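Notes follow the structure.
The values are calculated or read from the model by the stated rules, or taken from the named source; none is laboratory data. What you see is a predicted model, and the numbers here were worked out from it, not measured in a lab. Cβ: placed from backbone, ideal geometry, glycine included. Neighbour counts: every protein chain shown.
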Amino acid sequence: MFSSTEKGCCSVTAAEERVLRSTGSMNSERLKENKEDRDEAVTKDLESIMAEDRVEALTKDLESSVEAVREILAGPYKTSVAVTRLSFQNFGEVDPNFHVENPKLTKDWLVMNQSGGYHKLIYNRCYSFPLIVGGWDELKKFEGFPDNVEVLFAYYGGKLYSIMGFREITCLSSVMPYHSRSIFPRIEDDFADYVKLGHTWYHVCVMNNFKGGDVVRFKFGPGFRCNLYKIPEA
């Protein structure tokens, strides 16, 4: 049994009741806003999934449907990527930032054109030195690329790409910094402070089979991580 004092402590005054009602109303509004936010997020996720599913479905129809290609080209693309090919190289160099931002890229690039067809390029999927290693000659002949060229591709997701434009490279000073032959290497910090070639350089050369005359590239990642590799000869 409660005493009269205990009963008084458990009773709710009119002022307290108004506070409780106000708090309940605020909580109800918050729940409503949270539900609307969740619904909006779910809608965006579904739209993204549906768009990716549509791209995947259209990819399967490329060989038999010109309309599939035209439908993709008429839609939005996700991002763009530059590829540079020089006449004395048998590969095209891909801007490494593209691989960093899209680590699950496929080996095959299907480059669509306005005629409703496509050409296939072969990508090496390498983080440290991303290259187009096959299919370039056919694409070059079809599009009329010059021997020294930088091509800007639109990326639609999956395997799908198209050509946004290209420019002829007339001198090494116009080669973009991401390219191994650029005379303007992409270094954000003072190189002398960033890396020092000490007495262990000899052992690095032995371990990596570097020889006199080799062109060696340093590729820096987050922090002080560094990939070191030899540039292939043309």
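Residue check: G165 meets all listed conditions (1) under 21 Å from the mean Cα position of the chain (by Cα); (2) surrounded by 14 or more Cβ atoms within 10 Å (Cβ to Cβ) but one, namely (2). Output the residue which, of all residues in the range 78-111 that are in a loop (DSSP other than H, G, I, E, B) and touching a Phe, Trp or Tyr at 6+ places or on another chain (Cβ under 6 Å), is nearest to M164 (Cα to Cα). Selected residue: K78. Of all residues in the range 112-130, those that are among the hydrophobic types (A, V, I, L, M, F, W, C), modelled with pLDDT under 95 and either in a strand (DSSP E or B) or surrounded by fewer than 19 Cβ atoms within 10 Å (Cβ to Cβ) (or both) total 2.
Taken over the range 48-103, residues that are at pLDDT below 85 and hydroxyl-bearing (S, T, Y) amount to 4.
Residues in the range 193-205: is at least one of a type in the set (S, T, Y), over 27 Å from R85 (Cβ atoms) and at pLDDT 60 or above? Yes - at least one qualifying residue is present in the range 193-205.
Residue check: V94 meets all listed conditions (1) surrounded by fewer than 19 Cβ atoms within 10 Å (Cβ to Cβ); (2) touching a Pro at 6+ places or on another chain (Cβ under 7 Å) but one, namely (1).
Can you name every residue in the range 158-187 that is among the hydrophobic types (A, V, I, L, M, F, W, C), more than 28 Å from N113 (Cβ to Cβ) and assigned to a loop (DSSP other than H, G, I, E, B)? Listed by number, the residues that qualify are C171, I183, F184, I187. Pairs meeting the criteria (first residue in the range 118-145 and outside the structural domain of F218 (by TED's automatic domain parsing), second residue in a helix (DSSP H, G or I) and not hydrophobic (A, V, I, L, M, F, W, C), beta carbons under 7 Å, at least 6 apart or on different chains) are H119/E138; Y127/H99; P130/P96; P130/H99.
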